[in-house]
Amino acid sequence: MKIKKFDHICIAVKDLDAARNIWEPILGKSRPDDPYEDEREQIRVARYWLDGVGFELMTSTTVDGPVARWIEKNGEGIMLIGFNVADTRAAVRELEAVEYRFIPNPAPLADDASGKVRPFRDCEYALLHPRSLNGVMLELIDYQWKEDER
């Protein structure tokens, strides 16, 4: 598997607006570069571009969503890091072959035999289980970085 670049880091927070007030002065930003909500994943995100790398503040949109459960178990803080890969599905196949654990997609895609790949905009991603990686959740994503062209 070839990693193209460090893609992003994600901080899990209870209150997105409060977290923005803390982080934006440090980031030198007055608002997120890419705010979004993903109903499927039950998250709301404030994403900032920092020299070709995403910095994300993420909160749960439900009391029992994955981010809320993460915070309940681990507290607020770094939830995951993301590596950009050429092909998420190929990366999943390669790493599963050497027994890395992935977090299953709760709503598997019909054309994904692994059941691990999740859609995001015009790309796909998969989550490696923290138990496979020294307690760190890793996201592999094949997002095409148009932000680098700015």
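Key figures for this structure:
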item: GLU24, sole failed condition from (1) closer than 23 Å to GLN144 by Cα; (2) in contact with a strand residue (DSSP E or B) (Cβ under 9 Å, 6 or more places away or on another chain); (3) not in a loop (DSSP other than H, G, I, E, B); result: (1)
item: Test for PRO106: is it farther than 21 Å from ASN134 by Cβ, without any contact (Cβ under 8 Å) to a residue 12 or more places away in the chain, in contact with a helix residue (DSSP H, G or I) (Cβ under 9 Å, 6 or more places away or on another chain) and surrounded by fewer than 18 Cβ atoms within 10 Å (Cβ to Cβ); result: yes
item: Residue in the stretch 84-100 that is nearest to the chain's Cα centre (by Cα), counting only those that are crowded, with 19+ Cβ neighbours inside 10 Å and either of a type outside the set (Val, Ile, Thr) or on the phi > 0 side of the Ramachandran plot (or both); result: ASN84
item: Neighbours by Cβ (under 9 Å, 6+ apart or cross-chain): first from the stretch 66-95, modelled with pLDDT under 95; second aliphatic (A, V, I, L, M) and part of a helix (DSSP H, G or I); result: none
item: Criterion violated by ALA113 - all others in (1) assigned to a loop (DSSP other than H, G, I, E, B); (2) touching a strand residue (DSSP E or B) at 6+ places or on another chain (Cβ under 7 Å) satisfied; result: (2)
item: Enumeration of residues in the stretch 42-65 that are β-branched (Val, Ile, Thr), in contact (Cβ under 8 Å) with a residue 40 or more places away in the chain and touching a helix residue (DSSP H, G or I) at 6+ places or on another chain (Cβ under 9 Å); result: THR59
item: The stretch 18-33: number of residues that are exposed (fewer than 13 other Cβ atoms within 10 Å of the Cβ) and farther than 15 Å from GLY77 by Cα; result: 6
item: Failed item, numbered, when LYS146 is tested on (1) over 24 Å from ILE22 (Cβ atoms); (2) of a type outside the set (S, T, N, Q); (3) modelled with pLDDT of 95 or more; result: (3)
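The values are calculated or read from the model by the stated rules, or taken from the named source; none is laboratory data. Because the structure is predicted, anything quoted here is derived from the model rather than measured. Neighbour counts are summed over all protein chains in view; Cβ atoms, including those assigned to glycine, are modelled from backbone coordinates with ideal geometry.
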